[in-house]
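The values are calculated or read from the model by the stated rules, or taken from the named source; none is laboratory data. The model shown is predicted, which means the values in this text are computed figures rather than measured ones. A quick note on method: Cβ atoms are made from the backbone with ideal geometry, for glycine too, and the neighbour counts reach across all protein chains shown. Surface accessibility is based on the protein's heavy atoms, side chains included, excluding ligands, DNA and RNA. Shrake-Rupley method; radii C 1.70, N 1.55, O 1.52, S 1.80 Å.
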Amino acid sequence: MQILLFIPAVLIFLYELYRFVKDDYIFIRKGISLEQAFDIAFITLWLSLIVSRLLYSIFHLYPGENILFDFFSFKKGGFSLTGAVIGGTISIYLVGKYKKFPLGRLCDFLSLSFLYTLPLIYLANAFFVSKESLLVIFLNAIIYFVLLLFFVQFLYPKILNRTIKEGTLSILFLLLFSLITLATQLLVSLKNVHSFINPENITLSLLFIVSIFLLIKQERPTSNRRTAIR
């Protein structure tokens, strides 16, 4: 049932990706068609779902339980959004490298498309949480809506005119996603701070650190670095 409510989010993701890719001159110059971009998008979606389910099972695994049984059984819950982001990031990188796509630009477009879906994903998730968690759910939906406006109105034009390097937008998304999720998890854990230290938040902390490292590396000036796209 949970995954059915997220079908509109998938449709929005695919539509926004279509809008970003269809007239992009870099993709046109490199002979990358919409079909190729959508192939990567579908591969990313499937791998994201698998990793999301796997990490959910790991994050909520109790001593003595079988992880394979938990993976195929949905009695304990559904998917991890953190897992979906991590799985999507890994799959985009691997598939993009293999197919020799302009990786930074591809990651930016997919990150933007996914960002369009996040407010809806959180609102859909409101059907599966307790009343005490509804405020946090709606807060996340508002935060990601504001973040979407900032990315689309401010960062996206800078990617198009190459004021900022390709890939910067997607790195910023990973950094802010991990930071926002950690902040809201801390808000939820105020009554029991010890519960904040769990496998998911440790994973998010690592993602935050890796994102900072990638951003520093991305922005580091190098005299012999070639432009990402010629």
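A few remarks follow.
- Largest-first principal axis extents of the Cα set of segment 114-173 (Å): 45, 15, 13
- Residue-span extension gain [residue 146 to residue 186] - 0.36 nm each, minus C-alpha spacing: 12.3 nm
- Applying 1/(1 + (r/R0)^6) with R0 = 41 Å to the Cβ-Cβ distance of residue 38 and residue 202 gives a FRET efficiency near 0.75.
- Overall, the accessible surface of segment 1-52 at a probe of 1.4 angstrom is composed of carbon and sulfur to the extent of 71 percent.
- Modelled this way, with points 7 Å down the Cα-to-C-beta line, the labels at residue 218 and residue 193 are 3.3 nm from one another.
- Per-residue Karplus couplings for segment 34-46, computed as 6.51 cos²θ - 1.76 cosθ + 1.60 with θ equal to phi - 60°, are listed in order as 4, 4, 5, 5, 6, 4, 5, 4, 5, 4, 4, 4, 5 Hz, Gly and Pro entered as x.
- Protection proxy ranking for 154-166, 104-116, using the average of other Cβ atoms within 10 Å per residue and placing the highest first: 104-116, 154-166.
- Under the convention that each Lys and Arg Cβ holds +1 and each Asp and Glu Cβ holds -1, the size of the dipole of segment 101-180 around its Cα centre is about 200 debye.
- Modelled FRET efficiency - R0 30 Å, residue 179 with residue 58, Cβ distances, 0.05 increments: 0.85
- Whole-number accessible area per residue in Å² for segment 81-171, which is evaluated in the context of all protein chains at 1.4 Å: 47 Å²
- Cβ-Cβ distance of residue 161 and residue 30, R₀ of 25 Å, FRET efficiency by 1/(1 + (r/R0)^6): the value works out to about 0.85.
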